Amino acid sequence: MADFEALKNSVIDMDPDRAVELTQSAVAEGVAPLDIVNTALIPGIDVVGQKFRDFEYFLPEVIMAAKAFKAAFEVILPQLNEAGYEPKGRVLIGTVSGDNHDIGKNIVIALLQGSGYEVHDAGVDVSAQRFVELVRDIKPHVVGMSALLTTTMAVMRDTIAELSGAGLRDSVKVIVGGSCVNPEFAQKIGADGYGEDASEAVKLVDRLLAV
Ligand code: B12
């Protein structure tokens, strides 16, 4: 009998080896991959997000828990694909040009993947032109931009302008985040939304795509 509670706790306890072991045995028992994600992994990372907000967990704990989550998710991913798993949507996300901070972006990616999105990581130091190229290639439903440096915030505005110039603005929802950005700035540059943290990012994408 698959131990969902133990698997959930392995994410909360930041234990990738245990997470992989429990996921492998659940898969071997024939548990549906989506059940593993929805019943154990997402509830686990949700608790981690909550602990982070409550200052009970700090950055190292979140990164380790995200690693445990990712390790288990990698075991399941081929099964999900075989099961004809349909992602909820496609998201492209990157840190804007001039900015190399990626810890927050990576947490957003882990939570979006965990909640069923296909996420393409554009990496860091991504220029407006590069975002446009990637939107053309990947055709995401949502583009997310992260910035932590006030000096790089303007790249978000430039990217939206470039997307409009390329005739692509209406084909994607644009969301922004990072500690130097706020809802007023998002509105001012014509983004479709702002997410304060990774859980908010997931809720925002769900809302924008109405899933
Ligand atoms: C770690 C860190 C670094 C690391 C980065 C390591 C890495 N791989 O990311 C290193 C040491 C390399 C670094 C370098 C620099 N840093 Co630094 N750094 C930080 C620090 C301490 C933590 C950032 C962090 O990871 N926070 C934790 C994550 C989880 O939070 P987050 O990024 O905000 O992400 C959350 C939300 O914002 C949101 N989110 C994030 N992105 C997105 C995107 C979307 C679409 C959505 C919806 C949501 C969302 O969800 C995330 C998860 O909840 C901050 C200070 C701080 N307390 O914020 C300074 C800070 C950001 N750094 C700063 C500076 C100045 C620099 C340097 C210029 C220093 C220097 N003189 O060299 C360089 C810049 C290098 C560069 N070109 O990018 C300043 C920025 C000031 C400003 N406002 O402009 C800060 C604020 C420190 C300070 N108080 O002065 N830094």
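Of the residues ASP54, ASP15, the single one that is of a type in the set (D, E, K, R) and crowded, with 18+ Cβ neighbours inside 10 Å is ASP15. GLU74 fulfils the conditions (1) within 16 Å of the ligand (Cβ to nearest atom); (2) closer than 29 Å to ASP137 by Cα except for a single criterion, (1). Annotation for the range 161-168: no member residue is among the charged types (D, E, K, R), within 13 Å of the ligand (Cβ to nearest atom), buried (at least 16 other Cβ atoms within 10 Å of the Cβ) and more than 13 Å from SER146 (Cα to Cα). Scanning the range 169-192 for residues that are basic (Lys, Arg) and either away from the ligand (no atom under 15 Å from the Cβ) or over 23 Å from ASN106 (Cβ atoms) (or both) turns up ARG169, LYS188.
Applying the criterion of being surrounded by fewer than 20 Cβ atoms within 10 Å (Cβ to Cβ) and touching a residue at least 24 places away in the same chain (Cβ under 8 Å) to the residues of the range 193-209, the residue that is farthest from the ligand (Cβ to nearest atom) is LEU209.
Sort through PHE69, PHE131 and tell me the only one that's surrounded by 22 or more Cβ atoms within 10 Å (Cβ to Cβ), at pLDDT 95 or above and of a type in the set (Phe, Trp, Tyr). First the steps, then the outcome.
On the way: PHE69 fails: at pLDDT 95 or above.
That would be PHE131, the only listed residue that is surrounded by 22 or more Cβ atoms within 10 Å (Cβ to Cβ), at pLDDT 95 or above and of a type in the set (Phe, Trp, Tyr).
For the range 97-134, a residue qualifies if it is in contact (Cβ under 8 Å) with a residue 40 or more places away in the chain and more than 10 Å from the ligand (Cβ to nearest atom), and the qualifying residues are GLN113, GLY114, SER115, GLY116, TYR117, LEU134.
Considering the range 1-64, the qualifying helices (runs of 4 or more DSSP H), each wholly inside and each with 2 or more residues that are away from the ligand (no atom under 16 Å from the Cβ) and at pLDDT 95 or above, run over 4-12, 16-28.
Being in a helix (DSSP H, G or I), crowded, with 21+ Cβ neighbours inside 10 Å and either modelled with pLDDT under 90 or within 16 Å of the ligand (Cβ to nearest atom) (or both) is a property that does not hold for LEU80.
The single condition from (1) within 17 Å of THR159 (Cβ to Cβ); (2) not in a strand (DSSP E or B) that GLN113 fails is (1).
Looking across the range 136-176, the residues that are within 17 Å of TYR117 (Cα to Cα) and either of a type in the set (D, E, K, R) or not assigned by TED's automatic domain parsing to the domain that holds ALA122 (or both) come down to LYS139, LYS173.
The values are calculated or read from the model by the stated rules, or taken from the named source; none is laboratory data. Everything numeric here is computed off the predicted structure, so don't read it as measured data. Using ideal geometry, Cβ is built from the backbone for each residue, glycine included, and neighbour counts are taken over all protein chains shown.
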